[in-house]
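Only one structure is covered here, and it is reproduced in the block below.
The values are calculated or read from the model by the stated rules, or taken from the named source; none is laboratory data. Small disclaimer: the values here were computed from a predicted structure and weren't measured. With ideal geometry, Cβ positions are generated from the backbone for all residues, glycine too; neighbour counts draw on all protein chains shown.
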Amino acid sequence: MARVKLTDVKKVYDNNVVAVHDFNLDIKDKEFVVFVGPSGCGKSTTLRMIAGLEEISGGTVEIDGVVVNDLQPKDREIAMVFQNYALYPHLTVFENMAFPLRLKKMPQEEIFERVTKAAEILGITEYLNRKPRALSGGQRQRVAIGRAMVRDSKVFLMDEPLSNLDAKLRNQMRAEIILLRQRIDTTFIYVTHDQTEAMTLGDRIVIMKDGYIMQVGTPDEVFDMPANLFVAEFIGAPKMNTFKTNLIKENGEYYVTPFGAKILVDGLKGEELKKRDVPEQEIILGVRPEHMNLVRETGESSIPAVIEVNEMMGSELHLHVETKDNTPLIVRVPTVDLSHEERAALSNGTAVNVAFKSNVMHFFDVESEKNLLVD
């Protein structure tokens, strides 16, 4: 088990393109940390620098208190699972899993014990004599994970291991990785572009954009208190509704005025605005689709809109609506309490009223796009 510390880590390619900017992160022993972000954000490059597969242009990487910048990958006591499995097609499952142990000239009895134990944990014992071509994608990924497991490494690195699987298999393998983590109890660093994987797997999430860290936090922290507009829109599906409006102050109370409505900001959000003495200003207001709801009556705090598209998702409807100034919003409506007639009434072109509570609002600066309530 090991702590991993990255200090001012940078990656600059020969054409002076900076892929990773001054990356600072302290990963605790046995912590599961997920790097997440869109393609090209630098997450895989950072992982490869930790693994020793990519040269570090600046800063230091420490594993268990030892600076490993100049160590070969084999000397870093890490194990890595790749996106494309990287299995040897001419070797059996057993031989694939045993390969790194044979390179270390480990005794045959210990190799057999380690491989069979890992295969039992991963549920692939019956496939040990098969070749990779006879396995499904999910089974191949289990073999790749097993090959990493047998090495008894200090740090487990996983680079988008589920991205080649279909949706059903991804869900199944995600659950298996959670169970695997409980069984082998080591330090995990996991890279994905899928925010669902990040939210369900990580103790902490590192959200990246253009080589920079946008926010580091627990799943609850990045969902409930996104540091900036990028994080707010990246985490959550469908993505957060964001639109410009005004934050005003009357008689010591704060209000927002989206689309002609006037909504009191009370509770903890209102108290925090008062505590920080936030000035009146134009802001970007954010509200997640699941935090919006339909109301029957038109009122000062409701927003008139028209349904443009109704997506039936099974347990919920995703209503794409447009306000009177043509701003698109998405409202998630649970179907469990809706009758067939009520669902049918929410058809395209239907006028509705949208409302939301102050405790689910997020306030972003128009210029910096930073959350006004996050330091």
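Brief remarks follow.
- Candidate set from the range 207-232 (those that are free of Cβ contacts under 8 Å to residues at least 40 places away in the same chain and not in a strand (DSSP E or B)); member that is surrounded by the fewest Cβ atoms within 10 Å (Cβ to Cβ): 220
- Scanning the range 148-179 for residues that are among the aliphatic types (A, V, I, L, M), over 15 Å from residue 85 (Cβ atoms) and in a loop (DSSP other than H, G, I, E, B) returns a single hit, 150.
- Against the list (1) of a type in the set (A, V, I, L, M); (2) touching a residue at least 24 places away in the same chain (Cβ under 8 Å); (3) in the same structural domain as residue 31 (by TED's automatic domain parsing), the condition residue 178 fails is (2).
- Odd one out for residue 196 among (1) β-branched (Val, Ile, Thr); (2) at pLDDT below 95; (3) touching a strand residue (DSSP E or B) at 6+ places or on another chain (Cβ under 7 Å): (3)
- Of the residues making up the range 319-331, not a single one is out of contact with any helix residue (DSSP H, G or I) (no Cβ under 8 Å at 6 or more places or on another chain), in a strand (DSSP E or B) and at pLDDT below 95.
Listed here are the residues, each with its yes/no results for (1) in a strand (DSSP E or B); (2) outside the structural domain of residue 215 (by TED's automatic domain parsing); (3) without any contact (Cβ under 8 Å) to a residue 40 or more places away in the chain; (4) of a type in the set (A, V, I, L, M, F, W, C).
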residue: 9; (1), (2), (3), (4): yes, no, no, yes
residue: 16; (1), (2), (3), (4): no, no, yes, no
residue: 24; (1), (2), (3), (4): yes, no, no, no
residue: 50; (1), (2), (3), (4): no, no, no, yes
residue: 53; (1), (2), (3), (4): no, no, yes, yes
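- Residue list for the range 351-365, filter: more than 19 Å from residue 235 (Cα to Cα), out of contact with any helix residue (DSSP H, G or I) (no Cβ under 6 Å at 6 or more places or on another chain) and either surrounded by 15 or more Cβ atoms within 10 Å (Cβ to Cβ) or not assigned by TED's automatic domain parsing to the domain that holds residue 268 (or both): 352, 353, 354, 355, 357
- Among the conditions (1) touching a Phe, Trp or Tyr at 6+ places or on another chain (Cβ under 8 Å); (2) surrounded by fewer than 20 Cβ atoms within 10 Å (Cβ to Cβ); (3) of a type in the set (Ser, Thr, Tyr); (4) farther than 30 Å from residue 257 by Cα, residue 196 misses just one, which is (1).
- Counting only residues that are part of a strand (DSSP E or B), touching a residue at least 40 places away in the same chain (Cβ under 8 Å) and under 26 Å from the mean Cα position of the chain (by Cα), the range 290-313 holds 2 of them.
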